[in-house]
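Trainee: Input: one structure, supplied below.
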Amino acid sequence: MDLVLSTRNPHKLREFGLLMAPHRVLPLPEEVELPPETGDTFAENALTKAQAAADATGKPAIADDSGISAYALDGRPGVYSARYAGANATDEENLAKLLDEVPDGGDRRVAYVCALAYVEPGGRTHMVEGRCEGTLAHEPRGDGGFGYDPAFIPADRDDGLTMSELSQADKDAISHRGRAARELLAWLDAGR
């Protein structure tokens, strides 16, 4: 099945391309405008984006909204993860702000959350969520991944490596997107 991914993020396109196999993940056509992320939850934002792509292309669409929640910050940055340091902030700026705000001697627990929406033309929808618990490193390490990966140490491993220090396969096995994608694949394979 072909699935349009409602994003302009090339990292997510590559990642979901691997995660959703054997289905083919297609990029969002340039002429399709992404709706603003104004929802209060990851699920609301994901559903809005998937619906826009399905309506515009006439094809089944998927969209995720994901981010990091810090326990010490009452769940922030949450839905604002991509723009935590400002509307046009880089991944490095967002990560630097998070590292600055989470106290060195305080609660360093964090969770990655991914809401993944599936929408068919005509309105049929399905929503899944994946989580990955971890701790925040004191400084970025590694050159793989993107976003907050250089400072996210997953709880599923005992080697202390950040997501950016893992191979793509190791990351996909435990990541929030990997878990959400496997749940959606199971639903698709069960015949929806």
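The values are calculated or read from the model by the stated rules, or taken from the named source; none is laboratory data. Since we're looking at a predicted model, the values are computed, not measured. Cβ sites come from the backbone with ideal geometry, for glycine too, and all protein chains shown count toward neighbours.
Trainee: Out of the residues in region 87-145 that are of a type in the set (Val, Ile, Thr) and assigned to a loop (DSSP other than H, G, I, E, B), which is farthest from Ala190 (Cα to Cα)?
Mentor: So the first thing to find is which residues in region 87-145 are of a type in the set (Val, Ile, Thr), and the list is 90, 102, 110, 113, 119, 125, 128, 135.
Narrowing the set further to residues that are assigned to a loop (DSSP other than H, G, I, E, B) leaves 90, 102.
Details: Thr90: 39, Val102: 42 Å.
Across region 87-145, the extreme among qualifying residues is Val102.
Trainee: Additional query: I'm checking my understanding of the structure. Among residues of region 50-94 that are of a type in the set (S, T, N, Q) and buried (at least 17 other Cβ atoms within 10 Å of the Cβ), which one is farthest from the chain's Cα centre (by Cα)? Reasoning before the result, please.
Mentor: Our first condition is that a residue be of a type in the set (S, T, N, Q); within region 50-94, this holds for 51, 57, 66, 69, 81, 88, 90, 94.
Filter once more, keeping what is buried (at least 17 other Cβ atoms within 10 Å of the Cβ): 51, 57, 66, 69, 81, 94.
Numbers: Gln51: 17, Thr57: 22, Ser66: 4, Ser69: 12, Ser81: 10, Asn94: 15 Å.
Once the filter is applied, the top-ranked residue is Thr57.
Trainee: Does Pro140 satisfy the criteria of being crowded, with 22+ Cβ neighbours inside 10 Å and out of contact with any Asp or Glu (no Cβ under 7 Å at 6 or more places or on another chain)?
Mentor: No, not satisfied.
Trainee: If you don't mind, another one. So is Ile62 among the β-branched types (Val, Ile, Thr), over 23 Å from Glu33 (Cβ atoms), in contact with a helix residue (DSSP H, G or I) (Cβ under 7 Å, 6 or more places away or on another chain) and touching a residue at least 40 places away in the same chain (Cβ under 8 Å) or not? Full working, then the answer.
Mentor: Working: among the β-branched types (Val, Ile, Thr): yes; over 23 Å from Glu33 (Cβ atoms): no; in contact with a helix residue (DSSP H, G or I) (Cβ under 7 Å, 6 or more places away or on another chain): yes; touching a residue at least 40 places away in the same chain (Cβ under 8 Å): yes.
Considered against the rule, which asks whether it is among the β-branched types (Val, Ile, Thr), over 23 Å from Glu33 (Cβ atoms), in contact with a helix residue (DSSP H, G or I) (Cβ under 7 Å, 6 or more places away or on another chain) and touching a residue at least 40 places away in the same chain (Cβ under 8 Å), Ile62 comes out as no.
Trainee: Would you point out the residue of region 1-54, among those that are in a helix (DSSP H, G or I) and of a type in the set (Lys, Arg), that is modelled with the lowest pLDDT?
Mentor: Selected residue: Lys12.
Trainee: I'd like the full set of residues that are surrounded by fewer than 20 Cβ atoms within 10 Å (Cβ to Cβ) and of a type in the set (S, T, N, Q), limited to region 150-192.
Mentor: If the condition is that a residue be surrounded by fewer than 20 Cβ atoms within 10 Å (Cβ to Cβ) and of a type in the set (S, T, N, Q), then Ser167, Gln168 are the ones that fit.
Trainee: Within region 84-133, which residues are in contact (Cβ under 8 Å) with a residue 60 or more places away in the chain, β-branched (Val, Ile, Thr) and in contact with a Gly (Cβ under 9 Å, 6 or more places away or on another chain)?
Mentor: Selection gives Val113 alone.
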